[in-house]
Amino acid sequence: MFVDLRSDTVTLPTPEMREAMYRAEVGDDVYGEDPTINRLQEMAAEITGKEAALFVPTGTMGNAIAILTHAGRGQSVIVGSESHIYHYEAGGASSLGGAPMYVVPTLSSGMLDLERLRDGIAGQEDVHVAPTGLICVENTHNRCGGTVLTVEQLESIASITHEHSIPLHMDGARIFNAAVALRIPVSELVRPVDSLMFCLSKGLSAPVGSMLVGSKEFIGRAMRTRKMLGGGMRQAGFIAAAGIVALENMVARLAEDHARCKRLAQGLMDMPQIEVNLDTVMTNMVIFRVLDTNQQPLNSEETERFLLAAREQGILMGQLGSGRVRAVTHYGIEDDHISATLHGIRQALRDITVA
C-alpha cells in the first residue's frame with residue numbers, strides 16, 4: 001500500500017460523486033442539451049463571478065482554448081519562466097495557434113517580474129516584434145511550491161495588461177486552494193482576470209474535467225475553439241455530475257490538505273538531511289531538497305536514488321528537476337499517512353549513502 005504524494009491528480013471520486021454520476025441526467029452537450037453540463041457551467045460562472053463557463057476535458061486543453069481564443073496567429077503570449085503553460089503543456093499556443101511565447105521571470109513567490117513584464121509588452125508599431133496578444137498568470141503556482149498570489153498582486157498585473165488593452169488569463173488549476181488559503185471567496189480572488197481555467201480533477205477530487213470561465217462573448221468564441229481541438233463531448237453529464245459535487249462539497253475541506261502539508265513540512269525540517277523553506281508552504285505542496293553528508297544538495301540522478309528508496313518504503317513523490325522533490329497532499333491522505341511518510345523518508349535517508 002503506497003502513500004501517493006506525487007500529485008493531487010491521483011485523487012479518487014467520493015462516494016457521493018459516484019452516486020451522482022450513476023444518476024446523472026444527460027443529453028447531447030454539443031447541441032447544448034446536456035442538463036447536467038449546463039448546471040455545472042452555470043455553477044462555475046456564478047462561483048467565480050464571471051458571466052459564463054465552459055466544461056473542458058482537461059486543464060491543458062482549457063489553457064490552450066483560452067490562448068487560442070484570446071491571441072491571434074502571430075501575436076505573442078507572455079508567460080512566466082516557471083509557469084505550467086510554458087513547461088508542461090507541449091507548447092500548445094505556439095504549435096497549434098502560431099502564437100510565440102514571450103517568457104518573463106517568475107519570482108520565488110509565483111509573481112511575475114513586473115518590470116520585465118512591462119518591457120516585454122509589444123504593440124503593433126514595430127514590425128520586427130510579435131505584438132502581445134495575451135498575458136498569463138498562475139495561481140496557485142505549481143513549480144514555486146503551491147504559492148499563492150493575492151488580489152493585490154493580481155491587480156498590479158491587471159493594471160499593466162489593461163493599460164495596454166491586453167487580456168489577462170489565469171491558469172487557476174488550483175485556484176480554490178489559493179482562495180481557501182487566503183480565506184476569501186474565489187470570485188474576489190479572480191476578479192482582476194479576464195478569463196480563468198480551473199481544474200475539477202485535482203484537489204476537488206472529480207475524476208475528469210476542468211472549467212474555463214470568462215465573459216459571454218469570450219466563452220462563445222471558446223466553444224468554437226474547443227470543438228476545433230476535439231473537446232466537444234456528447235453525454236458528458238455523467239462526468240460533469242462529479243464536478244457539481246466537487247464544487248458543492250469539496251472546496252472547504254482543502255484546508256485539511258493545507259494543514260497536513262504544513263505538518264509534513266515541519267516534520268521534514270527536523271531532518272538534518274532535508275532542506276525546506278517553510279515560508280513557501282502555503283497550500284497543499286511542499287518542495288524540498290535532500291542534502292549529502294557535506295550538506296550539499298543532491299543532483300537529479302542522486303535524488304532519483306532517494307525517491308526509489310522512499311518508494312521501497314511505500315512513499316511516492318516526484319522530482320521537479322534539479323534535485324527538487326515535490327510532495328502534494330490531497331483527498332485520501334489522512335493524518336496517519338503523514339506520520340507514515342515522515343517515517344518512510346527517515347528510513348530512505350538512512351538507506352542512501354552519498355559522499
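Points worth noting:
- Some residue of region 218-233 being among the hydrophobic types (A, V, I, L, M, F, W, C) and over 30 Å from Gly72 (Cα atoms): no
- Exactly one residue out of Ala265, Ala236, Ala222, Ala242 is in contact with a strand residue (DSSP E or B) (Cβ under 6 Å, 6 or more places away or on another chain) and either aromatic (Phe, Trp, Tyr) or not assigned by TED's automatic domain parsing to the domain that holds Asn294 (or both), and it is Ala222.
- From the list Glu46, Glu51, the one residue that fits, being touching a residue at least 24 places away in the same chain (Cβ under 8 Å) and not hydrophobic (A, V, I, L, M, F, W, C), is Glu51.
- Restricting attention to region 113-130, the residues that are in a helix (DSSP H, G or I) and either in contact (Cβ under 8 Å) with a residue 40 or more places away in the chain or not acidic (Asp, Glu) (or both) total 5.
- Any hit, region 76-84, residues being surrounded by fewer than 22 Cβ atoms within 10 Å (Cβ to Cβ) and in contact with a Pro (Cβ under 9 Å, 6 or more places away or on another chain): yes
- Lone unmet requirement of (1) within 13 Å of Pro57 (Cα to Cα); (2) outside the structural domain of Arg183 (by TED's automatic domain parsing); (3) of a type in the set (A, V, I, L, M) for Ala259: (1)
- Matching entry among Glu42, Glu46 (being touching a strand residue (DSSP E or B) at 6+ places or on another chain (Cβ under 8 Å), over 30 Å from Gly120 (Cα atoms), charged (D, E, K, R) and at pLDDT 95 or above): Glu42
- Residues in region 315-329 that are part of a loop (DSSP other than H, G, I, E, B) and either crowded, with 16+ Cβ neighbours inside 10 Å or not assigned by TED's automatic domain parsing to the domain that holds Ile287 (or both): Met317, Gly323, Thr329.
- Residues located in region 70-99, provided they are in a loop (DSSP other than H, G, I, E, B) and closer than 18 Å to Pro131 by Cα: Ala71, Gly72, Arg73, Gly74, Gln75, Gly98, Ala99
- Lone qualifier among Thr283, Thr293 - being among the β-branched types (Val, Ile, Thr) and within 23 Å of the chain's Cα centre (by Cα): Thr283
The values are calculated or read from the model by the stated rules, or taken from the named source; none is laboratory data. Computed from a prediction, not measured in an experiment: that's the story for all the values here. Quick reminder, even Gly has a Cβ in these numbers, built from the backbone with ideal geometry, and neighbours come from all protein chains shown.
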